[in-house]
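Asks: The structure is given below, and queries will be raised subsequently.
Values in this text are rule-based calculations from the coordinates and carry no lab data. In this text the structure is predicted, and so the values were computed from the model without any measurement. Neighbour counts are summed over all protein chains in view; Cβ atoms, including those assigned to glycine, are modelled from backbone coordinates with ideal geometry.
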Amino acid sequence: MGRACSTDSDMIEQGGISASVPDWSRERKRPGEWQPGKKLLACIRDYRKYQGLRRKFAVLRHRFWSAVSGADIPINSEIGGGLLIPHPNGIVIHPSARIGPNCLLFQQVTIGDAGGVPTIGGHVDIGAGAKILGPIHVGDHARIGANAVVLSDVPAGATMVGIPARQVKPRQQAD
C-alpha cells in the first residue's frame, strides 16, 4: 500500500492516512503519466536536496513546470511529503506558509497572507477554490470544502464549508 505510520495514534479512520509520517509514494510519477503537479513537486524536492549546479537546474525546471501547471508554489516552500495536487492550475501558496504531510490540494486553492500566514496540519484535504488566509492553524485530518474561505483556526478532524467557513457536523452512518 505504501502508507507508512509510526503508531496507531497517527492514523484516523478516514482511509488510514498518517498526519505525521509522509507517504512519498503519493508524489511518485508513474511511467507515461502526464502529471505536471508531480513534476513541479519534484523540482521543489530537488531544490531542497541538492547544491550547486543540480540546484540551479532544479530552479530552471521549477520555472518551466510552474508555467506549464499554472501553479504559484515557491521553490523554497515548507511542504511536507506526500502532497497531492491532481489539478495544479491556479494554486497559490505564500512562501512562508507551512503545509504538513499527506495533504491534498485541488485547483484554484489559495493559502495566503492576511496579517500572517497559515499553518496547515497533516492529511488535510482542501477543495477546489478554497481560500485559507491569515495567521491561522488548520488541524490534522481536517477537510476544507470547495470555495470555502477560512479566516479562523480549524480544529483537527473538522469539516469547514462556506463563506466565511463554518464547521459542519459529520453525517451519521446508516446501519
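Asks: Sequence neighbours fewer than 8 away in the same chain don't count; with that in mind, list the lysines whose C-alpha is under 25 Å from Lys49.
Replies: Once the sequence-local lysines are set aside, what remains near Lys49 is Lys29, Lys38, Lys39.
Asks: Also, quick follow-up: Please identify, among Ile111, Ile144, Ile17, the residue showing maximal mean-square fluctuation in a Gaussian network model of the chain using a 10 angstrom Cα cutoff.
Replies: Ile17
Asks: Continuing with the same structure: If each of Arg45 and Asn76 carries a label point 7 Å out from its Cα toward its Cβ, how far apart are those two points in nm?
Replies: 2.2
Asks: Using only alpha carbon positions, build the gyration tensor of the chain, then give the equivalent ellipsoid semi-axes as the square roots of 5 times its eigenvalues, largest first, whole angstrom.
Replies: Value: 27, 19, 15 Å, ordered largest first.
Asks: Right, here's the next one. For the chain, with only Lys/Arg (+1) and Asp/Glu (-1) charged at the beta-carbon, what is the dipole magnitude about the Cα centre, in debye rounded to 20?
Replies: Here the size comes out at about 820 debye.
Asks: May I ask you to derive the relative contact order of the chain, considering only C-alpha pairs under 8 Å and at least 6 residues apart, and to give it as an integer percent?
Replies: 14
Asks: Something else about it: Principal axes first, then extents: for the Cα atoms of segment 80-160, list largest minus smallest coordinate on each axis, whole Å, largest first.
Replies: 28, 23, 22
Asks: Only four residue types carry charge here, +1 at the Cβ of Lys and Arg and -1 at the Cβ of Asp and Glu. Report the dipole size of segment 23-102 about the Cα centre in Debye, rounded to the nearest 20.
Replies: 360
Asks: Turning to a different aspect of this structure: Once phi is turned into θ = phi - 60°, what whole-Hz ³J(HN,Hα) does the Karplus curve with 6.51, -1.76 and 1.60 give for every residue of segment 157-162, x standing for Gly and Pro?
Replies: Couplings: x, 7, 10, 10, 9, x Hz.
Asks: Over segment 34-76, what lengths in whole Å, largest first, do the semi-axes of the equivalent ellipsoid take, defined as the square roots of 5 times the eigenvalues of the alpha-carbon gyration tensor?
Replies: The equivalent ellipsoid of segment 34-76 has semi-axes of 17, 9, 9 Å.
Asks: For Val68 and Asp113, FRET efficiency with R0 = 30 Å and r from the beta-carbon atoms, rounded to 0.05?
Replies: Plugging the Cβ-Cβ distance into 1/(1 + (r/R0)^6) gives 0.70.
Asks: With springs only between Cα atoms under 10 Å, which of Asn76, Asn89, Asn147 fluctuates most in a Gaussian network model of the chain?
Replies: Asn76
Asks: Rounded to the nearest 5, what is the percent of antiparallel bridges among the DSSP beta bridges in the chain?
Replies: 10
Asks: Using DSSP to call loops (not H, G, I, E or B), can you name the trypsin sites (Lys or Arg not before Pro) in segment 76-175 whose Cβ has at most 15 other Cβ atoms within 10 angstrom?
Replies: Loop-located and lightly packed - Arg171.
Asks: Suppose R0 equals 25 Å. What FRET efficiency, 1/(1 + (r/R0)^6) with r the Cβ-Cβ distance, do Ala156 and Asn89 give to the nearest 0.05?
Replies: According to the calculation, E is roughly 0.30.
Asks: Let me ask something else. What is the distance, in nm, between label points placed 7 Å from the Cα along the Cα-to-Cβ direction at Leu53 and at Arg30?
Replies: 3.5
Asks: Here's another thing I want to ask about it. Which of these, Asp140, Asp23, Asp46, has the largest mean-square fluctuation under a Gaussian network model of the chain (Cα springs below 10 Å)?
Replies: Asp46
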